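The values are calculated or read from the model by the stated rules, or taken from the named source; none is laboratory data. Since this is a predicted model, take the numbers as computed values, not measurements. A quick note on method: Cβ atoms are made from the backbone with ideal geometry, for glycine too, and the neighbour counts reach across all protein chains shown. Remember, those area values only see protein heavy atoms, side chains included, never the ligands or the DNA or RNA. Shrake-Rupley method; radii C 1.70, N 1.55, O 1.52, S 1.80 Å.
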Amino acid sequence: QVQLIESGGGLVQAGGSLRLSCSAIGYFSRFTMGWFRQAPGKEREFVAGIRWSGISEYYADSVKGRFTISRDNAKNTVYLQMNNLKPEDTAVYYCAADGRLRVRPTSAGDFGSWGQGTQVTVSS
């Protein structure tokens, strides 16, 4: 079990950028980490994932080329750099951890630990 705390959300105009951070308390280095988002009235959506090694990042098609996930295992922190934000990116963003060494988890059910979320609002 790992406690996850997100930060970095806020209000930004379309085309702007934000960087989200997720700090972990507890075991972290071997976990695959993911970012999900959930907009009002919509189901939770996979955004990006990164394995414990810090390589082989993977993304939802909707954010590919705009978002970058990275991690600093020494700091127990994972990041999501979001560039060229669009109004449809507006959502609560959640950090999640999967400690079961799945190859490429993208389902919310694959992640056993979750942060409380941070709001990202992109205005037109």
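Restricting the count to DSSP beta bridges whose residues both fall in the chain, what percent are antiparallel, rounded to a multiple of 5?
Details: 37 of 41 bridges.
If I count the DSSP bridges inside the chain, around 90 percent turn out antiparallel.
Region 68-97 and region 1-41 have Cα centres lying 5 Å from one another.
Annotation: per residue accessible area for the chain equals 50 Å², rounded to a whole number [probe 1.4 Å, protein chains only].
The peptide list 59-67, 87-95, put in order of mean Cβ contacts within 10 Å with the highest first, becomes 87-95, 59-67.
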